[in-house]
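Undergrad: One structure follows; several queries about it will come next.
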Amino acid sequence: MPLSLDADVPFNGNAIECRIYAEDPETFIPSPGTLDIFDLPTLPNLRIDSGYRKGDEVTPFFDPLLAKLITWGQSRGDALNLMTEVLAVSEVVGVSTNIPTLRAALNHPDFAAGKYTTGLIESLPR
């Protein structure tokens with residue numbers, strides 16, 4: 001059943017969100033440590049939500065989420081291309097992260113085609 005507000009909500013582009021976690025990319029187990037390098041780009045159409053910076057300690061006592069990256073583009077392809085660029089230049093040293101998994105998922109042909117399921121992660125090389 002459509003909401004009465006549907007006509008009042010304009011569509012404006014596409015967004016993709018990736019979450020960077022301090023975790024082992026093979027086992028997804030948290031990876032505590034010190035952020036020796038925490039370098040995320042500053043680009044147009046990129047939003048970064050993070051409370052961490054270089055030198056911070058990632059402890060095993062809290063959620064290992066380091067950052068949420070959100071890219072926007074006029075098309076899904078634009079948002080995807082920007083996120084691919086963002087992940088390519090993002091550098092985190094001192095803890096293991098899921099950045100390699102995110103890169104592999106975004107570069108998978110099924111994801112690019114928009115024909116993927118939650119099983120995609122299991123199909124990625126480790």
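All of the numbers you see were taken from the coordinates with simple rules; none came from a lab. This is a predicted model, so every value here is computed, not measured. When we count neighbours, we look across all protein chains shown, and the Cβ atoms used for this are built from the backbone with ideal geometry, even at glycine.
Undergrad: Any idea which residue in segment 40-86 is surrounded by the most Cβ atoms within 10 Å (Cβ to Cβ), counting only those that are within 14 Å of the chain's Cα centre (by Cα) and of a type in the set (D, E)?
TA: E85
Undergrad: Any residue that is among the hydroxyl-bearing types (S, T, Y) and farther than 14 Å from A15 by Cβ - is there at least one of those in segment 58-67?
TA: Initially, segment 58-67 is screened for residues among the hydroxyl-bearing types (S, T, Y), giving 59.
With farther than 14 Å from A15 by Cβ added as a condition, the list becomes 59.
Yes: segment 58-67 contains one or more residues that are among the hydroxyl-bearing types (S, T, Y) and farther than 14 Å from A15 by Cβ.
Undergrad: Is it true that some residue in segment 44-51 is in contact (Cβ under 8 Å) with a residue 60 or more places away in the chain, out of contact with any Asp or Glu (no Cβ under 6 Å at 6 or more places or on another chain) and among the basic types (K, R)? Steps first, please.
TA: Restricting attention to segment 44-51, the residues satisfying the condition of being in contact (Cβ under 8 Å) with a residue 60 or more places away in the chain are none.
Within segment 44-51, none of the residues are in contact (Cβ under 8 Å) with a residue 60 or more places away in the chain, out of contact with any Asp or Glu (no Cβ under 6 Å at 6 or more places or on another chain) and among the basic types (K, R).
Undergrad: Please specify each residue of segment 89-126 satisfying the condition of being surrounded by fewer than 12 Cβ atoms within 10 Å (Cβ to Cβ), of a type in the set (A, V, I, L, M) and within 17 Å of the chain's Cα centre (by Cα).
TA: V89 - this is the single residue of segment 89-126 that is surrounded by fewer than 12 Cβ atoms within 10 Å (Cβ to Cβ), of a type in the set (A, V, I, L, M) and within 17 Å of the chain's Cα centre (by Cα).
Undergrad: Sticking with this structure for a sec: Can you tell me which residue in segment 6-35 is farthest from Y52 (Cα to Cα), limited to those that are surrounded by fewer than 13 Cβ atoms within 10 Å (Cβ to Cβ) and among the aliphatic types (A, V, I, L, M)?
TA: A7
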